[in-house]
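Beneath this line is the structure, given in structure tokens, with notes to follow.
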Amino acid sequence: MTKDTKIIHVQVVEGTQEQIGVLGKALKELKDKLPFDVEFMVTNDAIQLRDVKYLIDELYTLYKQVNEGKNDKE
């Protein structure tokens, strides 16, 4: 990505994971045809607070596992 790269955010409202995957592939084909450097960021508007809480819980679990592994080596 260069300084002149254009970033385009595409937000799918209530889309399924499969639909977002298909859209991502289509945008990649479009990206290859454009005469300028572009990156697409595709998000799904169906993300809820419970999803963020789940992500934080998973990251915390991973963090604890990494720290326990470091302590075992010492």
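The values are calculated or read from the model by the stated rules, or taken from the named source; none is laboratory data. No experiment lies behind these values; they were computed from the predicted model shown. A quick note on method: Cβ atoms are made from the backbone with ideal geometry, for glycine too, and the neighbour counts reach across all protein chains shown.
Kindly establish whether L30 is at pLDDT 85 or above and surrounded by 10 or more Cβ atoms within 10 Å (Cβ to Cβ).
So L30 passes the test.
Taking V42, is it touching a residue at least 24 places away in the same chain (Cβ under 8 Å), exposed (fewer than 10 other Cβ atoms within 10 Å of the Cβ) and on the phi < 0 side of the Ramachandran plot?
No; evaluated as a whole, the condition is false for this residue.
Report every pair of residues separated by at least 6 positions or lying on different chains whose Cβ atoms are under 9 Å apart, first residue within segment 16-29 and free of Cβ contacts under 8 Å to residues at least 60 places away in the same chain and under 13 Å from F40 (Cβ atoms), second among the aromatic types (F, W, Y) and surrounded by 12 or more Cβ atoms within 10 Å (Cβ to Cβ).
L23/F40; G24/F40; L27/F40; K28/F40
Please indicate, with yes or no, whether at least one residue in segment 2-14 is in a helix (DSSP H, G or I), among the polar types (S, T, N, Q) and surrounded by 10 or more Cβ atoms within 10 Å (Cβ to Cβ).
Scanning segment 2-14, I find no residue that is in a helix (DSSP H, G or I), among the polar types (S, T, N, Q) and surrounded by 10 or more Cβ atoms within 10 Å (Cβ to Cβ), so the answer is no.
List pairs: first in segment 1-15 and over 13 Å from L34 (Cβ atoms), second at pLDDT 80 or above and in a loop (DSSP other than H, G, I, E, B), Cβ under 6 Å, 6+ apart or cross-chain?
Short answer, once both residue conditions are applied: T2/D37.
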